[in-house]
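Working notes for the structure below.
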Amino acid sequence: MTRRALSSLLSAMLLGLACSVSSLAVGSIDAGRLSFADSGCLDCHGTPPRLSNNANSAANNPSAISAAISGVGQMRFLRFLSQQDIDNIATYIGNPSLTDADCTFNWAENFGPVFFSPKAKSVTVDGRYQRFYANSKLTVAFANGKILLQDGASPGTGFVEVANILDFYTLAINSDCK
Ligand code: HEC
């Protein structure tokens with residue numbers, strides 16, 4: 001597959017899908033994992049998916065967090081959290097075992113098995129977080145906010161930048177990382 005073919009393929013995937021994506025707030029699992037620890041949720045509720053005091057009701061459900069911040073006395077100090085912080089935390093509680101990148105890989109494997117199969121494990125190579133797909137010989141990598149592709153069927157080609165991570169992550173998270 002040539003570089004141009006690769007980029008057109010990805011653009012087509014993006015364009016086709018962008019139309020069908022709802023305007024749900026997109027929470028980041030990675031940012032939510034940090035906020036969950038930094039804001040003290042972890043100290044009082046423990047580690048997802050086994051949270052105390054019914055905090056699992058917040059899985060993918062930001063309004064449960066907002067309601068608890070207004071309604072639970074011990075949580076009132078959390079009123080400083082932004083809506084984005086709350087969206088991030090709810091997304092993390094809903095997907096505690098994933099990262100943003102793995103969510104996107106999992107979605108891609110289900111969405112485009114012709115290119116992204118068999119299902120692969122993530123590894124870190126030279127600062128890139130990547131998976132290799134033996135059937136297509138494509139390596140998909142996440143680095144510095146970008147998605148990169150390397151086509152192993154064209155020897156000597158390096159990684160080509162094809163998209164921003166957020167473009168595909170938005171699709172992935174709206175489809176529950178599946
Ligand atoms: C100082 C301790 C404390 C901290 C910090 C705290 N919580 Fe809570 N939270 C509680 C307690 C106690 C309850 C149960 C209140 C009850 O059942 O009356 C609760 C209840 C909840 C509920 C359940 C509300 C319901 O549906 O019944 C959710 C969701 C929740 N917390 C999420 C969070 C999140 C997310 C954070 C971090 C942003 C957080 N909490 C931080 C103590 C805390």
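Can you say whether S52 is assigned to a loop (DSSP other than H, G, I, E, B), touching a helix residue (DSSP H, G or I) at 6+ places or on another chain (Cβ under 7 Å), hydroxyl-bearing (S, T, Y) and near the ligand (Cβ under 10 Å from one of its atoms), as far as the supplied structure shows?
Criteria met by S52.
Of everything in segment 58-75 that's under 22 Å from the mean Cα position of the chain (by Cα) and within 7 Å of the ligand (Cβ to nearest atom), which residue is farthest from S28 (Cα to Cα)?
Residues of segment 58-75 under 22 Å from the mean Cα position of the chain (by Cα): 58-65.
Keeping just the survivors that are within 7 Å of the ligand (Cβ to nearest atom) gives 58, 64-65.
On the way: A58: 15, A64: 17, I65: 16 Å.
Ranking the candidates gives A64 first.
I'm checking my understanding of the structure. Among residues of segment 34-49 that are in a loop (DSSP other than H, G, I, E, B) and closer than 18 Å to L98 by Cβ, which one is nearest to the ligand (Cβ to nearest atom)?
So, considering only residues that are in a loop (DSSP other than H, G, I, E, B) and closer than 18 Å to L98 by Cβ, the one nearest to the ligand (Cβ to nearest atom) is P48.
Given the conditions (1) in contact with a Phe, Trp or Tyr (Cβ under 6 Å, 6 or more places away or on another chain); (2) part of a helix (DSSP H, G or I); (3) among the aliphatic types (A, V, I, L, M), report the number of the one that I93 does not fulfil.
(1)
Regarding Q84, is this residue assigned to a helix (DSSP H, G or I) and farther than 30 Å from A141 by Cβ?
Values: assigned to a helix (DSSP H, G or I): yes; farther than 30 Å from A141 by Cβ: no.
For Q84, the condition - assigned to a helix (DSSP H, G or I) and farther than 30 Å from A141 by Cβ - is not met.
Listed residues S57, S52, S39; which is touching a residue at least 40 places away in the same chain (Cβ under 8 Å) and not hydrophobic (A, V, I, L, M, F, W, C)?
Result of the check over S57, S52, S39: S39.
What's the number of the condition N106 fails, among (1) away from the ligand (no atom under 16 Å from the Cβ); (2) surrounded by fewer than 16 Cβ atoms within 10 Å (Cβ to Cβ); (3) not small (G, A, S)?
(2)
Could you check how many residues of segment 124-175 are free of Cβ contacts under 8 Å to residues at least 12 places away in the same chain and either in contact with a Phe, Trp or Tyr (Cβ under 9 Å, 6 or more places away or on another chain) or surrounded by 18 or more Cβ atoms within 10 Å (Cβ to Cβ) (or both)?
Total meeting the criteria: 0.
Among the residues of segment 82-89, is there at least one that is surrounded by fewer than 19 Cβ atoms within 10 Å (Cβ to Cβ) and not small (G, A, S)?
yes
Any read-out appearing in this document is the output of simple, stated calculations on the displayed coordinates, not a laboratory observation. A quick note: this is a predicted structure, and the numbers were derived from the prediction, not measured. Every residue, glycine among them, receives a Cβ derived from its backbone with ideal geometry; neighbour counts consider all protein chains shown.
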